[in-house]
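Scroll down for the structure; my scribbles are underneath it.
Values in this text are rule-based calculations from the coordinates and carry no lab data. Values in this document were obtained by computation on a predicted structure and should not be read as measured data. Positions of Cβ are generated from backbone atoms using ideal geometry, with glycine treated the same way; all protein chains shown enter the neighbour counts.
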Amino acid sequence: MLRTSNNRCQYSIALFTGVAPAIFAVMLASCSTAERTGRLMVAPGKFVLYSCPELALRAKQNAEREQKLHDLMTKAESGPGGHMASTLAYRPEYDSLVEESRQLRAMQVEKNCNAPPAGAAPARGGAKTAH
């Protein structure tokens, strides 16, 4: 009887020493910054060959998907253990989309996609001045 109890204790210790490092690794992975992980998952220069309309369409699609993932992460995090589930299920794709969006904006600026046509007057707007 005493020997069986001792085996259970050894089994529990062995199980804990095997599971604890895995849990620790998941916890450390969730501490990484979104910027670093996003840069690792998106190829640099991915959008070089895109035209301005293609860049605009892709940026719109990314923004819609980012919002959907953000909503899913918020919903998942409201439940018990939801933060870990959210980190494992949605965070990698979300970080990748954020980095893609950053690259899309940079490419739009580089290609002057949002610049007004040559010779067009700048748009007026903003605060009114008092006379």
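Each residue of the range 45-56 was assigned a 3J(HN,Hα) from its phi angle through the Karplus expression (A = 6.51, B = -1.76, C = 1.60, θ = phi - 60°), giving x, 4, 10, 4, 8, 7, 7, 4, x, 5, 4, 5 Hz with x at Gly and Pro. For L69, the shell of other residues with beta-carbons less than 14 Å away shows a net charge of -4, using +1 for Lys and Arg and -1 for Asp and Glu.
Note on the range 34-113: Cα convex hull, mean projected area over all directions, 5.1 nm².
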